[in-house]
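In what follows, a single structure is set out as structure tokens and then discussed.
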Amino acid sequence: EGRKVKYIWFNLIDYTDDGFGASSYAIVKYDVENEKIVGRIDYDLDGNKGSYQAVFVPNETKDINKVKSEDDGYLVNIIWNKKTKKSNIQIFDAKTMSSKPVT
């Protein structure tokens, strides 16, 4: 049996013709225990950006005893700009869910 998790993160998908059902416009943090959304990062504020999947990367990867909390880490996301046809990596704080990238 697996270990229960406190949080899951998922992308909100753009199902318009421009999004092709594969591009997302935001990341949501969901509290599994309390069954509610506890954070949201919108990164497509101008309608020109999309992403495919944010990946959670924990701060601590070597010693599980040093993990401060389950959401102690980052969400790494590749953002595609439809207008400029360029991508960039944006890294967000998974605990605070601030929409301002950390880098």
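The residue that is farthest from LYS6 (Cα to Cα), among those in segment 85-103 that are open to solvent by 80 Å² or more (accessible area, probe 1.4 Å) and at pLDDT 80 or above, is LYS85.
If the condition is being within 17 Å of PHE10 (Cβ to Cβ) and in a strand (DSSP E or B), then segment 53-89 contributes VAL55, PHE56, VAL57, GLY73, TYR74, LEU75, VAL76, ASN77, ILE78, ILE79. If you take the residues in segment 39-77 that are modelled with pLDDT under 85 and among the β-branched types (Val, Ile, Thr), which one is least open to solvent (accessible area, probe 1.4 Å)? Among them, the one singled out is VAL67.
The values are calculated or read from the model by the stated rules, or taken from the named source; none is laboratory data. Quick caveat, the model's predicted, so the values are computed rather than measured. A quick note on method: Cβ atoms are made from the backbone with ideal geometry, for glycine too, and the neighbour counts reach across all protein chains shown. Just the protein is used for accessible areas: all its heavy atoms, side chains included, with ligands, DNA and RNA removed. Shrake-Rupley method; radii C 1.70, N 1.55, O 1.52, S 1.80 Å.
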